[in-house]
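Here the structure is laid out as structure tokens; the discussion comes afterwards.
The values are calculated or read from the model by the stated rules, or taken from the named source; none is laboratory data. These numbers come from a predicted model, not from an experiment. In this analysis, Cβ positions are derived from the backbone assuming ideal geometry, glycine residues included, and neighbour counts consider all displayed protein chains.
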Amino acid sequence: MVKTHAGSYSNLLLSKYLTDDISQKDRALITQLVNGVIQNKLLLDHIISQFSKIKLSKITSFVKNALRLGIYQAYFLDKVPDFAAVNESVNLVKKYEGQRAANFTNAVLRNALRNKERVEYPDKDKDLAKYLSIYYSFPSWMINRWIDLFGADFTEKLCKAFNEPPKLCIRVNTLLTNREELLKRLAEEGVHAVPGQFAEEAIYITKSPPIHQLESFKEGLFTVQDESSIIASLAVGVKARDKVLDVAAAPGGKTTHMAALMENQGKIVSWDIHPHRVKLIEENAKRLKTTIVETQVKDAKVLDEMLQNTFDKVLIDAPCSGLGVIGRKPDIKWSKKPKDISDLKKEQGKILEVSSKYVKPGGILVYSTCSIEPEENEKIVEEFLAKNQHFAYDDLRFYLPKQLHGDLKSPYGYITLYPHIHGTDGFFVARLKKVKV
């Protein structure tokens, strides 16, 4: 069992510990166990509390995690026999916490296994919010917030979608190949893949060796990018010889997509505030053979007066709560608080305000987040438009796939993508035009 580092996302820790010498099968199982336990933590604790004579607050973190791991395998997975799930957890606890703790772990797990059908859940009719919180394992503040915003049925479908295994989407690098040719190449490399839902550049991987080991990846024929992010860069509507600014560009998915859409003609300036993340943009641009990208370490909140009115298009992928990508990063459920959403508003508004000054008259400004929260999305844009009369919504129907046109809002200027409706990450995209100086 990996003792995780406080504040670290599980996907980063898994990348660190799951080295190439671990078999593909074991990597997949370990990833499933880690993400499954994190994703279902509240539900697992609810089950533990029904079969433990000791309160959860009194159980050590290591023993609690061992119990969660055992119950997750027994209740959620068919591939691990119940006795193996119990034995592994008990042996781990014995090794690190001693025999007494191991005996306790054994008793709780065996009791939980014998009584799977007797687990009680909150009454859905009497307390819907509590039921959704426990059953789908989301913090109560998040459930209550979504019920207020979207309604109960929408919230339950959203939670269910977030708990589904995330789909792996890649983007075809159209500078080097096309979707049909790449699908053939991937098949030759033992990859099972299908075309994306909306974007012509999108492909979903259903079964594959580690992506970074594929020769097609090394050759730059594709990059990993969710279809929601692909849609965001399509919304910018770039064309050859444009001058484009991507103000929060790392790791470079949208930057390199726009370079491909521009047929590697023109210029894209890509910023990030962190030098190590700027290096990621450079590495991706090099692998994908995009030569029009110029990277800079820059704070998007600080105005560069020399660059005012100089870009045809400006893209903002704003810092946000990340509540749209919970399915991919389940840690977000437990690390975020309501205050985080309100605290981010000032930063998001500042970046939008500053970035707008770089747009030429008649130019385009696109604001996006991987959030589904209105305060971070349309409300930020509406506050900006109220103070900046020289900007207005621009029609996204000319830039997005037809299947999405019915979901565009006010007047066709923005869209929110939801996992249970669109099958993508949760994402927001707004397109604005500088209509006058």
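Below is a table of values for the structure above.
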quantity: Test: residue in the range 225-246 that is touching a Pro at 6+ places or on another chain (Cβ under 7 Å) and closer than 22 Å to Val429 by Cβ; calculated: no
quantity: Condition broken by Lys64, with the remaining ones in (1) surrounded by fewer than 14 Cβ atoms within 10 Å (Cβ to Cβ); (2) within 29 Å of Glu164 (Cα to Cα) satisfied; calculated: (1)
quantity: Residue pairs meeting the criteria (Cβ under 8 Å; at least 6 apart or on separate chains; first in contact (Cβ under 8 Å) with a residue 24 or more places away in the chain, in the range 355-368; second among the hydroxyl-bearing types (Ser, Thr, Tyr) and surrounded by fewer than 23 Cβ atoms within 10 Å (Cβ to Cβ)); calculated: Tyr358/Thr310; Lys360/Thr310; Leu365/Ser356
quantity: Residue that is nearest to Leu149 (Cα to Cα) [pool: residues in the range 287-325 that are among the β-branched types (Val, Ile, Thr) and in contact with a Gly (Cβ under 8 Å, 6 or more places away or on another chain)]; calculated: Val325
quantity: Filter pass, Leu109 being under 30 Å from His422 (Cβ atoms), surrounded by 16 or more Cβ atoms within 10 Å (Cβ to Cβ) and not assigned by TED's automatic domain parsing to the domain that holds Asp331; calculated: no
quantity: Hey, Ala248 without any contact (Cβ under 8 Å) to a residue 60 or more places away in the chain and either closer than 24 Å to Leu214 by Cα or assigned by TED's automatic domain parsing to the domain that holds Ser356 (or both) or not; calculated: no
quantity: Residues of the range 184-204 classified as under 30 Å from Phe398 (Cβ atoms) and not in a loop (DSSP other than H, G, I, E, B), total; calculated: 6
quantity: All positions within the range 237-249 that are over 10 Å from Asp312 (Cα atoms) and either among the aromatic types (Phe, Trp, Tyr) or under 25 Å from the mean Cα position of the chain (by Cα) (or both); calculated: Gly237, Asp246, Val247, Ala248, Ala249
quantity: Subset of the range 244-269 (residues that are part of a loop (DSSP other than H, G, I, E, B) and within 17 Å of Ser355 (Cα to Cα)); calculated: Val247, Ala248, Ala249, Ala250
quantity: Checklist (1) of a type outside the set (Phe, Trp, Tyr); (2) at pLDDT 95 or above; (3) under 26 Å from Ala28 (Cβ atoms) applied to Pro210, failing item; calculated: (2)
quantity: Flag if Ala259 is under 20 Å from the mean Cα position of the chain (by Cα), closer than 30 Å to Lys436 by Cα and touching a residue at least 40 places away in the same chain (Cβ under 8 Å); calculated: no
quantity: Helices (runs of 4 or more DSSP H) lying entirely in the range 45-159 (those with 3 or more residues that are within 20 Å of Pro338 (Cβ to Cβ)); calculated: 128-136, 140-150
quantity: Residue list for the range 288-341, restricted to those being among the aliphatic types (A, V, I, L, M) and either outside the structural domain of Leu365 (by TED's automatic domain parsing) or closer than 28 Å to Thr31 by Cα (or both); calculated: Leu288, Leu323, Val325, Ile326, Ile332
quantity: Looking only at the range 270-296, and only at residues there that are out of contact with any strand residue (DSSP E or B) (no Cβ under 6 Å at 6 or more places or on another chain), among the charged types (D, E, K, R) and in a helix (DSSP H, G or I), the one that is surrounded by the fewest Cβ atoms within 10 Å (Cβ to Cβ); calculated: Glu283
quantity: Residue, modelled with the lowest pLDDT, within the range 19-61, restricted to residues that are of a type in the set (Lys, Arg) and surrounded by 15 or more Cβ atoms within 10 Å (Cβ to Cβ); calculated: Arg27
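Okay, residues lined up against (1) closer than 22 Å to Thr31 by Cβ; (2) acidic (Asp, Glu); (3) surrounded by fewer than 17 Cβ atoms within 10 Å (Cβ to Cβ):
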site	(1), (2), (3)
Leu149	no, no, yes
Asp153	no, yes, yes
Phe162	yes, no, no
Pro165	yes, no, yes
Leu176	no, no, yes
Glu189	yes, yes, yes
Glu201	no, yes, no
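Yes/no matrix, rows are residues, columns are (1) within 16 Å of Leu400 (Cβ to Cβ); (2) in contact with a Ser or Thr (Cβ under 6 Å, 6 or more places away or on another chain); (3) of a type outside the set (Gly, Ala, Ser):
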| position | (1), (2), (3) |
| --- | --- |
| Ala199 | yes, no, no |
| Leu214 | no, no, yes |
| Ser233 | yes, no, no |
| Val278 | no, yes, yes |
